[in-house]
1. Of everything in region 43-59, what is of a type in the set (D, E, K, R), within 25 Å of T106 (Cβ to Cβ) and outside any loop (DSSP other than H, G, I, E, B)? Give them in sequence order.
2. Within the group Y89, Y52, Y82, which residue is touching a Leu at 6+ places or on another chain (Cβ under 8 Å) and either surrounded by fewer than 18 Cβ atoms within 10 Å (Cβ to Cβ) or farther than 25 Å from L29 by Cα (or both)?
3. T33 versus (1) at pLDDT below 85; (2) more than 24 Å from N121 (Cα to Cα); (3) of a type in the set (S, T, Y); (4) open to solvent by 70 Å² or more (accessible area, probe 1.4 Å): which is the lone unmet condition?
4. If we scan region 118-132, do we find a residue that is acidic (D, E) and either within 30 Å of I26 (Cβ to Cβ) or open to solvent by less than 60 Å² (accessible area, probe 1.4 Å) (or both)?
5. Just checking, how many residues over region 117-142 are at pLDDT 95 or above, over 22 Å from Y82 (Cα atoms) and of a type in the set (A, V, I, L, M)?
6. Consider E142 against the criteria (1) in contact with a Phe, Trp or Tyr (Cβ under 7 Å, 6 or more places away or on another chain); (2) open to solvent by 20 Å² or more (accessible area, probe 1.4 Å): it satisfies all of them except one. Which criterion is unmet?
7. Confirm whether R110 is charged (D, E, K, R) and either part of a strand (DSSP E or B) or open to solvent by less than 40 Å² (accessible area, probe 1.4 Å) (or both).
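The values are calculated or read from the model by the stated rules, or taken from the named source; none is laboratory data. Predicted model only: the values in this text are computed from it and were never measured. We place every Cβ from the backbone using ideal geometry, glycine too, and count neighbours over all the protein chains shown. The area values use the complete protein model at the heavy-atom level, side chains included, leaving out ligands, DNA and RNA. Shrake-Rupley method; radii C 1.70, N 1.55, O 1.52, S 1.80 Å.
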Amino acid sequence: MHYIPQEKQKESLHSFILGVSTKTPIRHLNGDTLDNRKSNLEIYNKNSYNDYKEFDETAEIVLRDNNGIEKGRAIIDKKDLYRVLNNGYPWVYHRIGEKPWAVANTPKGRIHLDKFIMGNNQDITVHHINFNTLDNRNSNLEVVNLPEEQSE
């Protein structure tokens, strides 16, 4: 009988400390990725809801990447906050080319925050007046009608 070694997968220090798979998303609570004390590590639930901060007329939705690291904040009108937070899916940071977007990944596909605010029709084109794709206040959004192809 011959011993055939199984292919070993590299294990990160923080996954070793917490005793979890290397594919388990872990975040550092204080943001310092070199601080691997067990008290600073947390298994990140990708489906957890967003943190937010309210201001007088607006609110900021904290957008995180797959590892729970804050990557940006989406600005919305305060009147849209309840609907945005209770859509059933967390809003995450997503980059398309050079532009950052706030999106929710659902079983039916990706929902863009700007389109969600403008009525949840994912087939429309929304223009951000100030060109900041994370500024999703109603005053910064307008629906653009693209010219249809002329049929002959």
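1. Passing the criteria: only K53.
2. That would be Y52, the only listed residue that is touching a Leu at 6+ places or on another chain (Cβ under 8 Å) and either surrounded by fewer than 18 Cβ atoms within 10 Å (Cβ to Cβ) or farther than 25 Å from L29 by Cα (or both).
3. (1)
4. No, region 118-132 contains no residue that is acidic (D, E) and either within 30 Å of I26 (Cβ to Cβ) or open to solvent by less than 60 Å² (accessible area, probe 1.4 Å) (or both).
5. Residues in region 117-142 being at pLDDT 95 or above, over 22 Å from Y82 (Cα atoms) and of a type in the set (A, V, I, L, M): 1 in total.
6. It fails just one condition, (1).
7. The answer is yes for R110.
Every residue, every condition in (1) of a type outside the set (A, V, I, L, M); (2) modelled with pLDDT of 95 or more, yes or no:
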position	(1), (2)
N40	yes, no
Y44	yes, no
D56	yes, yes
V62	no, yes
N66	yes, no
E70	yes, no
I76	no, yes
